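Notes follow the structure.
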Amino acid sequence: MTIVIYSFLGFLSCFLIIGLLSVYQRKKSVDDYLLASREISPAFVGLSAAASTASGFGFTGIIGFGYAMGLSGAWFIFGLLAGSIPVLLLTIRRFRTYSQRHKIASSSDFLSCNVVPRCRSFQILIGMLSIFAVTLYATAQLSAGSKALNVLFGWDYNIGAILGAIIVIMYCWAGGIRASIWTDVAQIVVMFGAMALLLAVSLSELGGFYGLYDRLESIDPKLVSLFPQNNPFGPLLFVLVACRSVSVLLVFRMS
């Protein structure tokens, strides 16, 4: 357990150092703090978005969902990927070009400029909704981290939340979005590496995929079903989520 704690603190220190190092690239402007002067490569931005999605959601949410659902939990991944990837591929480049041309710094800025132009009340509403959504997201991430630390090390929930909040505030204050992206890239490399290692070790212990199937079936036959057993709609809802990309494609084709 001592090695685990030291390795955890080591990675945490590395992430903090990477975030703080971004201060050497910082420029004293709002555009740099919010958008890193639009100098970040698309690969880093994509990895950062993946890290933001796969942090607490990936390590606690999806894993917990798979633990409860078994093989049928793969429908969730299908809906997530099939519904998101086509939309992102279609919209991101156009949004990036449009936002740079019109000097738009955020999605809320885009909405307040295009949906109801020059409406101060609408801008305030969008800003309040953005703060509320970001607060919920940050709370969820800190909560997930606290739960993980409680399970692994027996730490109090408050310790994990306070520690995480202090680290995030430190590197975001130092380098803005650039620091966030740099640390996200480092985190996604560690997360994917840990997941791949966990998968390899688990399958080795269970005797491969056939061993995993037999173990799940011995626990509960529902866990090896390819279709959700406790959902009256089966995989339909997950398919409908994936179909949202079709509607977005049609809207953009007509625009």
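Go through the residues of segment 130-142 one by one and say whether even a single one is under 30 Å from Val23 (Cβ atoms), in contact with a Lys or Arg (Cβ under 9 Å, 6 or more places away or on another chain) and surrounded by 14 or more Cβ atoms within 10 Å (Cβ to Cβ). Looking for residues that are under 30 Å from Val23 (Cβ atoms), in contact with a Lys or Arg (Cβ under 9 Å, 6 or more places away or on another chain) and surrounded by 14 or more Cβ atoms within 10 Å (Cβ to Cβ), one finds none in segment 130-142, hence no. Of the residues in segment 112-143, how many are at pLDDT below 75 and either in a helix (DSSP H, G or I) or closer than 25 Å to Glu39 by Cβ (or both)? Count: 4. Among the candidates Ala186, Ala165, Ala194, Ala200, the residue that is closer than 23 Å to Ser146 by Cα and at pLDDT 85 or above is uniquely Ala186.
The residue of segment 214-236 that is nearest to Val4 (Cα to Cα), among those that are exposed (fewer than 15 other Cβ atoms within 10 Å of the Cβ) and in contact (Cβ under 8 Å) with a residue 12 or more places away in the chain, is Asp220. Taking segment 148-171 as the range and being in a helix (DSSP H, G or I) and more than 15 Å from Thr60 (Cβ to Cβ) as the test, the residues that pass are Phe153, Asn158, Ile159, Ile162, Leu163, Ala165, Ile166, Ile167, Val168, Ile169, Met170, Tyr171. Against the condition touching a Pro at 6+ places or on another chain (Cβ under 9 Å), more than 30 Å from Leu152 (Cα to Cα) and surrounded by 15 or more Cβ atoms within 10 Å (Cβ to Cβ), how does Gly83 come out, does it pass? Against the criterion (touching a Pro at 6+ places or on another chain (Cβ under 9 Å), more than 30 Å from Leu152 (Cα to Cα) and surrounded by 15 or more Cβ atoms within 10 Å (Cβ to Cβ)), Gly83 does not qualify. Among the residues of segment 15-32, the ones that are more than 9 Å from Thr183 (Cβ to Cβ) and either of a type outside the set (S, T, N, Q) or in contact (Cβ under 8 Å) with a residue 40 or more places away in the chain (or both) come to 12 in all.
The set of residues from segment 27-47 being farther than 16 Å from Ser106 by Cα and surrounded by 14 or more Cβ atoms within 10 Å (Cβ to Cβ) comprises Phe44, Gly46, Leu47. Set side by side, the residues Gly176, Gly145, Gly211 differ, and just one is surrounded by 12 or more Cβ atoms within 10 Å (Cβ to Cβ), under 14 Å from Thr60 (Cβ atoms) and small (Gly, Ala, Ser), which is Gly145. Going through Ile40, Ile5, Ile77, Ile62 one at a time, which residue ends up being part of a helix (DSSP H, G or I), more than 19 Å from Ile169 (Cβ to Cβ), among the hydrophobic types (A, V, I, L, M, F, W, C) and touching a residue at least 40 places away in the same chain (Cβ under 8 Å)? After ruling out the rest, the residue left standing is Ile5.
The values are calculated or read from the model by the stated rules, or taken from the named source; none is laboratory data. The shown structure was predicted, so the numbers you read here are calculated from the model rather than taken from an experiment. Cβ sites come from the backbone with ideal geometry, for glycine too, and all protein chains shown count toward neighbours.
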